[in-house]
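What follows is a short report on a single structure.
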Amino acid sequence: MKYLCVALFLGSLIYFFIPYFPEKFPEIDLIRIEKEKRLMHVYHKEHLLKTYTIALGFSPKGHKMLEGDGKTPEGLYFISMKNPKSKFYLSVKISYPNSQDLQNALKNNVSSGGNIMIHGLPYFLGWTWRFHDFIDWTAGCIAVTNREIEEIYTATSIGTKVEILP
């Protein structure tokens, strides 16, 4: 029993404190997000580079219809901005709302919202990186760890396609 406790303790130290070295990718030209599976896949010329586990908006089922609904949008978008000074470590902005989203909001007389990002964790919670995807906690964004957003941020550019599937 004593050896089991020591092994568990050492294993947890390794799990939480082992150094992580972000991967260097060729340019990412497609980000595909599968909301139901909580997965984000990044591609270069149709070649899968990496898959990430993600957290979504606090009410993730269905397409984002209005500001504040906690949903992550669904559809075809692109990276429209990169923010190196984000309150969530680093972030890349998704071009939500697109023209269809704006038409739906106008038809329903609501605000579509905006500022949908792929981002890391808040600075004060960066240490929680192993648990970031246990619950959906964003306001409609897609969250990855701070180390993972470094990989994504570095390998994307304005105009990178983002496909968000149900």
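Values in this text are rule-based calculations from the coordinates and carry no lab data. On a predicted model such as this, the values are computed, not experimentally measured, just so you know. As a convention, Cβ positions derive from the backbone with ideal geometry for all residues, glycine included, and neighbour counts pool all protein chains shown.
Projected label points at Asn109 and Thr154, each 7 Å from Cα along the beta carbon direction, are separated by 5.1 nanometres.
Taking other residues whose beta carbon is less than 15 angstrom from the beta carbon of Ser91, and scoring Lys, Arg as +1 and Asp, Glu as -1, yields +2. Residues Thr53, Thr138, Thr160 in ascending order of nearby Cβ atoms (within 10 Å, fewest first): Thr53, Thr138, Thr160.
With 31 Å as the limit, the listed pairs Lys87/Lys107; Lys50/Lys85; Lys107/Lys161 have Lys87/Lys107 beyond it between alpha carbons. Among Val42, Ile164, Asn115, whose Cα lies farthest out toward the positive end of the dipole of region 27-165, if unit charges sit on the beta carbon of Lys, Arg (+1) and Asp, Glu (-1)? Towards the positive end, the residue furthest out is Asn115.
The alpha-carbon of Lys61 sits under 20 angstrom from the alpha-carbons of these lysines, leaving out residues fewer than 8 places away in its chain: Lys35, Lys37, Lys71.
In this structure, the amide hydrogen of Gly140, modeled 1.01 Å from its nitrogen in the peptide plane, lies closer than 5 angstrom to those of Gly57, Phe58, counting only residues at least 5 positions away or on a different chain.
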